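Peer 1: I'd like to ask some things about the structure below.
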Amino acid sequence: MDNFAEKLSKQQVVELERQFSLYATGVQEIIPEQELKNKLAKSLLTNKPLRVKLGLDPSAPDVHLGHTVVLNKLKQFQENGHTIQLIIGDFTGKIGDPTGKSTSRKQLSVEEVKHNAKTYFEQFGKILDMEKVELHYNSKWLSKLDLEAVINLAGSITVARLLERNDFSIRLAAGKPISLHEFFYPLMQGYD
């Protein structure tokens, strides 16, 4: 990896440190820290904004308090001229994120997911400038996967690895069912 920081002017170094300090404030850890610094340095050198992605599954109509942390971070990136990309999981949202769930998630209809996504935009607009946000829907690419592509995707991970997820391992240990469609959620999330 090129070390773009070595090529920065003194003014750009000051700006790099200002931005990095801002992004590092209020977070537990940046992984890997040096990679973010290098991406910021490259952005400053090339005058091209970073593209910062957040994937969201509208499986409920309201965002929760935990979203405010990441939205405020995104706002900081946005205020520094970087591009925010929201990946709306209209396809994965129909499955529902199994994280932290002790039972199988009910599959949502297309209409329920669309309704929830609309409420997300209204709520996010209270923090982000939604006119400057790039919106993408994961149904655009996930709905085009044929069975062969899905099988190839499923072949990229083992069941043992999926069962390492805390939500699945707890349910398995408790003898609670895990539906096969729930295993596809992390696969599709990784594909995004």
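The values are calculated or read from the model by the stated rules, or taken from the named source; none is laboratory data. For clarity, every value in this text was computed on a predicted model and none was experimentally measured. For neighbour counting, all protein chains shown are included, and Cβ atoms are generated from backbone atoms with ideal geometry for every residue, glycine included. What goes into the accessible areas is simple: the full protein's heavy atoms, side chains included, and nothing from ligands, DNA or RNA. Shrake-Rupley method; radii C 1.70, N 1.55, O 1.52, S 1.80 Å.
Peer 1: Within region 158-178, can you find the residues that are polar (S, T, N, Q) and either open to solvent by less than 40 Å² (accessible area, probe 1.4 Å) or over 26 Å from residue 147 (Cβ atoms) (or both)? Spell out the reasoning first.
Peer 2: Filtering region 158-178 down to residues polar (S, T, N, Q) leaves 158, 166, 169.
Residues satisfying the conditions are 166, 169.
Peer 1: Being at pLDDT 95 or above and not in a helix (DSSP H, G or I) is the filter here; which residues of region 1-24 pass it?
Peer 2: none
Peer 1: Among (1) part of a loop (DSSP other than H, G, I, E, B); (2) on the phi < 0 side of the Ramachandran plot; (3) surrounded by fewer than 17 Cβ atoms within 10 Å (Cβ to Cβ), where does residue 63 come up short?
Peer 2: Among (1) part of a loop (DSSP other than H, G, I, E, B); (2) on the phi < 0 side of the Ramachandran plot; (3) surrounded by fewer than 17 Cβ atoms within 10 Å (Cβ to Cβ), residue 63 violates only (3).
Peer 1: Return the pair list, or none, for Cβ contacts closer than 9 Å from residues in region 143-160 that are under 20 Å from residue 110 (Cβ atoms) to residues that are of a type outside the set (A, V, I, L, M) and open to solvent by 90 Å² or more (accessible area, probe 1.4 Å), at least 6 apart or on different chains.
Peer 2: So the pair list comes out as 145/191.
Peer 1: Here's a follow-up. Can you name the condition, by its number, that residue 107 falls short on among (1) modelled with pLDDT of 90 or more; (2) of a type in the set (S, T, N, Q); (3) within 19 Å of residue 55 (Cα to Cα)?
Peer 2: (1)
Peer 1: Counting only residues that are aromatic (Phe, Trp, Tyr) and under 15 Å from the mean Cα position of the chain (by Cα), which one in region 113-141 is modelled with the lowest pLDDT? Give the derivation first.
Peer 2: Going through region 113-141, the residues aromatic (Phe, Trp, Tyr) turn out to be 120-121, 124, 137, 141.
Still in the running and under 15 Å from the mean Cα position of the chain (by Cα): 120, 124, 137.
Working: 120: 83, 124: 90, 137: 90.
Selected residue: 120.
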